[in-house]
Amino acid sequence: MGQLRLACAARYAERLSLSEAAQRLLSIGFEGIELPVPRSEEEARLLAQEIQRVPIAPCNVLTGARYSLTPGTDAMVGLQADLVPSMQLAKLSGASKCQWCALAHGNVVEGSAAEWELMSQRVGLLAQTAAEIGCTLLVEPLAPGEGVLLTTSHSGCRLMEELDAPSLALTLDTYHAAAAGEDLLESLLLVLPWLRYVHLSDFRPGEAGRARRPFPGRGTIDFKRFLEALANSGYEGFVGIEGFFETDDHDAELEACHAYLRQALPQ
């Protein structure tokens with residue numbers, strides 16, 4: 001059974017420096033931290049130095065790049081420029097992985113063969129850049145209505161099979177999979193060959209906006225069942241929490257989420 005460790009994104013410890021955020025997350029009990037988006041390669045270097053002063057494990061780096069990859073345009077230059085600092089931070093910090101929530105809010109026809117081919121080519125180039133830098137690029141499919149082309153676990157696996165790039169892998173996000181109507185245990189088995197990270201986020205069917213995606217323990221997902229299956233699958237390492245705050249007491253919500261997941265983790 002794989003050992004699972006809880007991580008949280010630095011952005012949830014608001015209005016704090018990276019080192020202060022890391023200390024706050026450590027005090028709650030999180031063992032890992034998802035690093036924020038660096039705006040330049042110089043900022044990536046500075047953030048890597050700052051996080052080394054705190055005894056918490058960098059486990060992922062976020063990216064802010066979301067593009068509509070439409071035929072007749074070339075977004076690769078801007079896309080590379082946005083993603084490279086995150087890749088550099090992943091390398092320098094020891095996180096080794098950076099997260100791309102791909103293809104959000106695009107103006108494309110879902111399922112278009114031409115759009116898929118263009119997207120596949122461009123992600124392949126990004127995978128080459130990640131390999132040159134020395135990190136893994138994580139692709140996270142987004143639920144229908146929030147993303148295009150890569151909107152299911154099946155589509156994520158299709159991309160992995162087509163590109164067959166060692167520097168490319170998948171993140172399974174429980175919210176996006178549930179919002180796509182997937183059975184989480186089936187999705188887990190499907191993505192397992194390429195799975196390198198997991199986001200734990202709850203789901204409330206019938207809700208809209210931020211209320212649709214609360215922190216774990218506030219929606220309908222059975223995380224105890226999912227985490228047991230994840231540990232039994234052989235996956236080992238960090239799982240990061242995600243969600244939207246529902247009260248003004250953000251620290252209390254993070255503490256409650258951590259306590260809930262600690263009880264849900266396999267013993």
Task: Filter result for Tyr235 (modelled with pLDDT of 95 or more and in contact with a Leu (Cβ under 9 Å, 6 or more places away or on another chain)) - done: yes
Open item on the list: Given the criterion small (Gly, Ala, Ser), modelled with pLDDT under 95 and buried (at least 18 other Cβ atoms within 10 Å of the Cβ), identify the matching residue among Ala113, Ala90, Ala165, Ala65.
Closed with: Ala65
TODO: Output yes when any residue across segment 28-41 is of a type in the set (Ser, Thr, Tyr), surrounded by fewer than 19 Cβ atoms within 10 Å (Cβ to Cβ) and more than 21 Å from Lys91 (Cα to Cα), and no when none is.
DONE: no
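Rundown of residues vs (1) surrounded by fewer than 22 Cβ atoms within 10 Å (Cβ to Cβ); (2) at pLDDT 90 or above, yes/no style:
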{"position": "Gln49", "(1), (2)": "yes, yes"}
{"position": "Arg53", "(1), (2)": "yes, yes"}
{"position": "Gln80", "(1), (2)": "yes, no"}
{"position": "Ser96", "(1), (2)": "yes, yes"}
{"position": "Leu103", "(1), (2)": "no, no"}
{"position": "Gln128", "(1), (2)": "yes, yes"}
{"position": "Cys135", "(1), (2)": "no, yes"}
{"position": "Glu140", "(1), (2)": "yes, yes"}
{"position": "Ala143", "(1), (2)": "yes, no"}
- [ ] Select from segment 168-200 the residues that are among the β-branched types (Val, Ile, Thr) and touching a His at 6+ places or on another chain (Cβ under 7 Å) and write down the one among them that is surrounded by the most Cβ atoms within 10 Å (Cβ to Cβ).
- [x] Thr174
Task: Condition check for Leu118: surrounded by 14 or more Cβ atoms within 10 Å (Cβ to Cβ), among the aliphatic types (A, V, I, L, M) and modelled with pLDDT under 85 - done: yes
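Residues are listed down the side, and each one gets a yes or a no for (1) in a loop (DSSP other than H, G, I, E, B); (2) among the aliphatic types (A, V, I, L, M):
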| position | (1), (2) |
| --- | --- |
| Trp100 | no, no |
| Gln121 | no, no |
| Leu126 | no, yes |
| Thr129 | no, no |
| Pro166 | yes, no |
| Ala177 | no, yes |
| Glu186 | no, no |
- [ ] Give the residue, chosen from Arg218, Arg196, Arg204, that is modelled with pLDDT of 95 or more, under 18 Å from the mean Cα position of the chain (by Cα), basic (Lys, Arg) and not in a helix (DSSP H, G or I).
- [x] Arg196
- [ ] For segment 37-52, state whether one or more residues are in a loop (DSSP other than H, G, I, E, B), farther than 27 Å from Gln80 by Cα and of a type in the set (A, V, I, L, M).
- [x] no
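The values are calculated or read from the model by the stated rules, or taken from the named source; none is laboratory data. Note that this is a predicted model, so its numbers are computed, not measured. No Cβ is skipped: glycine too gets one built from the backbone with ideal geometry, and neighbour counts run over all protein chains shown.
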